[in-house]
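Below: the structure, in structure tokens.
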Amino acid sequence: MMGEYDPAQLARQIADALIDASRHLESSLITRMKHMADVTERELLSLTTGDARRNRYEASLEVLRMIMENLGTADHREIPMCQDTGMVVAFVAVGPDIQVDMARLSKTIDQGISMAAREGCFRNSVVADPVFERHNTGTNLPPVIHWLPSDEPGLTIRFMLKGFGSENCTALAMLNPTAGSDGVVVAVTDMVRKAGGKPCPPIVVGVGIGGTAERALLLSKMALLRPTGEAHPDPRYAALEQEIERAVQALGIGPGGFGGPLTALGVAVEHEQTHIAGLPVAVSISCWADRKAAVVLGGCDET
């Protein structure tokens, strides 16, 4: 049985992790963004003077340069990389070796988020009522928390700072069960095409397949938790990720929606069992500010 955790210490760990995530992107994402800039610049140089794509590619390249400059400023000045510091989504994976008081842990998570929002200069972006008063809670609380059983020992809390420019582009398709992988590629590509430049590309695309409608949507969010560029362990789904990525790149949306040879920084798929009569496919998109954090207690080293 895992030992008792110190709520104050855990709240501090959560706050530090969220503040760091608001200011820094994972290294694999930055590497892919630099690759996107290199490819865009090479393509631009290959275009003739009268090519109509030149202005679009130049604008897209400038977007990538501004993003990299913005990241440098956020790091140097210790401020969030984006004014929309998002709504916090937490995924709490509970291992078989521990018992968790969900109410107590929820309060600790809230405390950590409050500390991060206050110390990290987060914008208060949560309203208490979605339709009528829409009064801002003034605390960035409450978060959205998903409780997940896990076969791995210990307690792992993964966080996502989810901006709503990209969240508003979330989509779901309930496909014919015989649609197969080709149907999945077409459906995802169509959803990304409709999103266009709204989610602030370049983007990371999370795809959830299977379950029920709401479960597929959750899976698509969980797909975004994977390190950018990390392939699915099942070779079939890894190949599907590559096929979807090629189709998304071919859309030519480009950084900022200006157009360009590349749009996606990565595509990740998560899947599970489903009903014989359906094939749910959901897409969650993250903008270039793909902010993730994790706090681990027991089982493995903290990340």
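The values are calculated or read from the model by the stated rules, or taken from the named source; none is laboratory data. Please read these numbers as outputs of a predicted model, since none were measured by experiment. Methodologically, a virtual Cβ is constructed for each residue, glycine included, from the backbone with ideal geometry; neighbour enumeration extends over all protein chains shown.
Overview of values
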| item | result |
| --- | --- |
| Output for the range 112-146, where each listed residue is in a helix (DSSP H, G or I) and touching a Lys or Arg at 6+ places or on another chain (Cβ under 9 Å) | Gly112, Met115, Ala117 |
| Flag if Leu105 is of a type in the set (A, V, I, L, M, F, W, C), surrounded by 16 or more Cβ atoms within 10 Å (Cβ to Cβ), part of a loop (DSSP other than H, G, I, E, B) and not assigned by TED's automatic domain parsing to the domain that holds Gly196 | no |
| Failed item in (1) surrounded by fewer than 24 Cβ atoms within 10 Å (Cβ to Cβ); (2) within 16 Å of the chain's Cα centre (by Cα), with Ala268 passing the rest | (1) |
| Residue identified as in contact with a Leu (Cβ under 7 Å, 6 or more places away or on another chain), closer than 18 Å to Gly266 by Cα and charged (D, E, K, R) among Arg193, Arg158 | Arg193 |
| Members of the range 79-93 that are surrounded by 13 or more Cβ atoms within 10 Å (Cβ to Cβ) and out of contact with any Pro (no Cβ under 6 Å at 6 or more places or on another chain) | Ile79, Pro80, Met81, Cys82, Asp84, Thr85, Gly86, Met87, Val89, Phe91, Val92, Ala93 |
| Pair list, Cβ < 9 Å and 6+ apart or interchain, from the range 44-69 residues that are free of Cβ contacts under 8 Å to residues at least 60 places away in the same chain to residues that are exposed (fewer than 10 other Cβ atoms within 10 Å of the Cβ) | Arg54/Thr48 |
| Selection from the range 129-151 of residues that are of a type in the set (Val, Ile, Thr) and free of Cβ contacts under 8 Å to residues at least 40 places away in the same chain | Val131, Thr137, Thr139 |
| Qualifying residue in the range 216-233 (condition: surrounded by fewer than 19 Cβ atoms within 10 Å (Cβ to Cβ), touching a Ser or Thr at 6+ places or on another chain (Cβ under 6 Å) and not in a loop (DSSP other than H, G, I, E, B)) | no |
